[in-house]
1. Just to be sure before I move on: is TYR254 of a type in the set (Phe, Trp, Tyr), closer than 24 Å to ASN138 by Cα and at pLDDT 95 or above in the structure I sent?
2. Kindly establish whether THR115 is closer than 20 Å to VAL200 by Cβ, free of Cβ contacts under 8 Å to residues at least 60 places away in the same chain and in contact with an Asp or Glu (Cβ under 7 Å, 6 or more places away or on another chain).
3. Taking the criterion of being loosely packed, with under 13 Cβ neighbours inside 10 Å and of a type in the set (Gly, Ala, Ser), would at least one residue in region 250-260 satisfy it?
4. Give me a count of the residues in region 228-241 that are in contact with a Pro (Cβ under 8 Å, 6 or more places away or on another chain) and open to solvent by less than 10 Å² (accessible area, probe 1.4 Å).
5. Looking only at region 159-177, which residues are more than 18 Å from the chain's Cα centre (by Cα) and surrounded by 15 or more Cβ atoms within 10 Å (Cβ to Cβ)?
6. Would you mind stating whether ALA184 is over 17 Å from the mean Cα position of the chain (by Cα) and open to solvent by less than 30 Å² (accessible area, probe 1.4 Å)?
7. Among GLY34, GLY29, GLY24, GLY49, which is the only one that is crowded, with 17+ Cβ neighbours inside 10 Å, out of contact with any Cys (no Cβ under 9 Å at 6 or more places or on another chain), of a type outside the set (A, V, I, L, M) and at pLDDT 95 or above?
8. Quick check on ASN89: is it under 21 Å from THR140 (Cα atoms) and either assigned to a helix (DSSP H, G or I) or open to solvent by less than 60 Å² (accessible area, probe 1.4 Å) (or both)?
Amino acid sequence: MRIAIPGSNGKLGRAVVERLTRDGHEVVGFDRSGPAGSTFTRVDLLDYGQTLDAMLGVTARHEGVDALVHLAAIPVNGLVPDATTFHNNLTVSFNVMFAAQRAGVRTIVAASSITAMGFPFDEPPPYLPVDEGFTAANNTYGLAKVLEEAMFAQLVRWQESTSITALRFTNVVGEDEYDSFARADDPSYRRDLLGSYLDVRDGAELVALALAHARPGLETYVAAAPDSGLEIPSRELAAQWCPGVELRHPLGEYESLVSSEKARRELGFEARHLWRDEYRGRNDTMRKGTS
């Protein structure tokens, strides 16, 4: 397939471009900046005209795309004023998704977020592990994500053959970002994420699986590793962070409090890059290098 990737130069975007290219797809990246070459076009996604034109075709790049992986956004609150985060991200998502509809693109994967399910969880979720069944926004980034998912639910009604898969990503960790797990015995570490994380390579794997399993309608999946990012047993974390909250099942020792079970069950997703292996492996390599 020829796949357009708005947000191709972000952390997850770069990993997705690499993964889909390796799988044999033809990838066209759209972003405000990126590597010069035949696989990238600079597009201001706040401009609907540019976005639609780029989706329909770009001379010397492509003559239309078969699928879309929408990853473009201001990635967190705090980089710009809160209202700017909301207006930017919601406008970009509308432009990208509506342009895809007009261009006849019917297979779409879009990045949603843990911020659409209660992050930073100052108010505990109604049950643990929390999953796709709970939706709540507590900042402007999350509010945009909740509204984007509502928009997706309507857009798939407008054209019955349209498939949109929304992936609720938790904190995506790059291959070189595992040093922070040195704090894994600190109960305040990753508190706002309920201890969750996802390796960027596993995020790219989930995007590939979502494309392969696309079917008409909207499906939403949590994107998280199956284990907690802490060395504190999950039952203790649940009792400390969310006292009195219902446990849907007895928790495994280090089971994630953010469940990706639906993605495992329906898409065959199995995270392969777990922090204990990555963090310890890097430390062992460093020790060998200095001995």
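The values are calculated or read from the model by the stated rules, or taken from the named source; none is laboratory data. Bear in mind the structure is a predicted one, so any value in this text is a computation, not a measurement. For neighbour counting, all protein chains shown are included, and Cβ atoms are generated from backbone atoms with ideal geometry for every residue, glycine included. These accessible areas exclude ligands, DNA and RNA; they are computed on the full protein's heavy atoms, side chains included. Shrake-Rupley method; radii C 1.70, N 1.55, O 1.52, S 1.80 Å.
1. no
2. Here the answer is no, as THR115 does not meet what is asked.
3. No - not one qualifying residue is present in region 250-260.
4. 2
5. Within region 159-177, THR162 is the sole residue that qualifies.
6. yes
7. Unique residue meeting the criteria: GLY29.
8. Spelling it out, ASN89 is indeed under 21 Å from THR140 (Cα atoms) and either assigned to a helix (DSSP H, G or I) or open to solvent by less than 60 Å² (accessible area, probe 1.4 Å) (or both).
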